[in-house]
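A short worksheet on the structure shown next.
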Amino acid sequence: MVCEHPEFSPSQIQQSLNRTEKVFNATYTFWGELKSKGIFHTDTFWYFEPFAWVTQMKKIFSKDIDLRGKVKWQTQYDSKWGNRTDQGSACWLTSHDILKNFGLPETSGYKIGAIYLAKEDAAHTKLEYLSENLQEGITYIDSQLEKGNPILIGVHHTLNYRGKNGKGGINEGTTDHFIVIVGRGYENGKKFYIFYEVGTSNRSSGENDNNKLYVYENRIEGSPHYNSKKKYIVSQVRKNKENKL
């Protein structure tokens, strides 16, 4: 029996039911295809809210990535940078060098077109998360890792460290340090990125498995292996200039 609705004719109601039936059938056809491919082995289907479903599927089908066997780590404490280590620019120069030595073009890692994920307020007393840009940053990082490319990023670790009232407004007054993302994984359902820490002369610390940046609801944050109390919050995702085929 088809129930009447005061605003729709019986034919309109039937059309709506037909569309619903098609969506229902397509959903369970999809489930059957996954079973036939050996991806799932059960007839039990637990309900997911649509966005939670997409998130869960990304977790299931996204592969862990580790580029450390292809990307060479470097330290910013290299004599070739001279006194620029003291001036605070050697971390970017080293991170940029990692990209170039990997084979990415010279203009990779520059601030033009960067995705900003955090900023200090005008008085440099508080860090604000630009959560509206977070998904764009995550999508870009993932797309580059899946292509096999490392990504240069800027991180914030101390309020007013590079601010106008501190070091003369270096960078945008928020980013204190630069590092390179070289991998992706999941830990207890939480997504993380592996990074090269250039701010150490110890290779085992620079390439360490525990150099992780975790993806949270409004930010990407982690710590270098050698100092778990030092919090790195991603403030910039800088884009690669990819070679044209």
Quiz item: Got at least one residue in the stretch 100-112 being open to solvent by less than 60 Å² (accessible area, probe 1.4 Å), without any contact (Cβ under 8 Å) to a residue 24 or more places away in the chain, more than 15 Å from Thr175 (Cβ to Cβ) and over 18 Å from the mean Cα position of the chain (by Cα)?
Solution: no
Practice problem: Identify the single condition in (1) touching a helix residue (DSSP H, G or I) at 6+ places or on another chain (Cβ under 9 Å); (2) closer than 30 Å to Ser204 by Cβ; (3) modelled with pLDDT of 90 or more; (4) open to solvent by 40 Å² or more (accessible area, probe 1.4 Å) that Arg84 does not satisfy, given that it satisfies every other one. | Solution: (3)
Practice problem: Would you please name the residue that is nearest to Asp97 (Cα to Cα), looking only at residues in the stretch 183-204 that are open to solvent by 10 Å² or more (accessible area, probe 1.4 Å) and among the aromatic types (Phe, Trp, Tyr)? | Solution: Phe192
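Each row is one residue, and each column tells you yes or no for (1) under 19 Å from Glu221 (Cα atoms); (2) in contact with a Gly (Cβ under 9 Å, 6 or more places away or on another chain); (3) outside any helix (DSSP H, G or I).
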position	(1), (2), (3)
Thr75	no, yes, yes
Ile112	no, no, yes
Asn133	yes, no, no
Leu145	yes, yes, no
Quiz item: Among Leu127, Leu104, which is the only one that is out of contact with any strand residue (DSSP E or B) (no Cβ under 8 Å at 6 or more places or on another chain), aliphatic (A, V, I, L, M) and modelled with pLDDT of 95 or more?
Solution: Leu104
Practice problem: Read through the list (1) surrounded by fewer than 17 Cβ atoms within 10 Å (Cβ to Cβ); (2) at pLDDT 95 or above; (3) more than 25 Å from Gly69 (Cβ to Cβ); (4) in contact with a His (Cβ under 9 Å, 6 or more places away or on another chain), then give the number of the only condition that Asp209 fails. | Solution: (3)
Practice problem: Select from the stretch 212-245 the residues that are in contact with a Lys or Arg (Cβ under 8 Å, 6 or more places away or on another chain), closer than 17 Å to Thr174 by Cα and of a type in the set (A, V, I, L, M) and write down the one among them that is most open to solvent (accessible area, probe 1.4 Å). | Solution: Ile233
Quiz item: Can you name the number of the only condition in (1) open to solvent by 70 Å² or more (accessible area, probe 1.4 Å); (2) in contact (Cβ under 8 Å) with a residue 12 or more places away in the chain that Gln135 fails?
Solution: (2)
Exercise. Note down all Cβ pairs under 8 Å where the first residue falls in the stretch 181-208 and is part of a loop (DSSP other than H, G, I, E, B), the second is surrounded by 21 or more Cβ atoms within 10 Å (Cβ to Cβ) and polar (S, T, N, Q), and they're at least six residues apart or on different chains.
Key: Glu197/Asn211; Val198/Gln76; Val198/Thr94; Val198/Ser95; Gly199/Gln76
Self-check item: Subset of the stretch 149-171 (residues that are of a type outside the set (Ser, Thr, Tyr), open to solvent by less than 70 Å² (accessible area, probe 1.4 Å), in a loop (DSSP other than H, G, I, E, B) and modelled with pLDDT of 90 or more)
Solution: Asn149, Pro150, His157, Asn160
Quiz item: Does Leu145 qualify as being of a type outside the set (Lys, Arg), open to solvent by less than 30 Å² (accessible area, probe 1.4 Å), in contact with a His (Cβ under 7 Å, 6 or more places away or on another chain) and under 16 Å from Tyr193 (Cβ atoms)?
Solution: no
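The values are calculated or read from the model by the stated rules, or taken from the named source; none is laboratory data. These numbers were taken from a predicted model, which means no experiment stands behind them. Note that each Cβ is placed from the backbone with ideal geometry, even for glycine, and that neighbours are counted across all protein chains shown. Areas reflect the complete protein model, heavy atoms only, side chains present, ligands, DNA and RNA absent. Shrake-Rupley method; radii C 1.70, N 1.55, O 1.52, S 1.80 Å.
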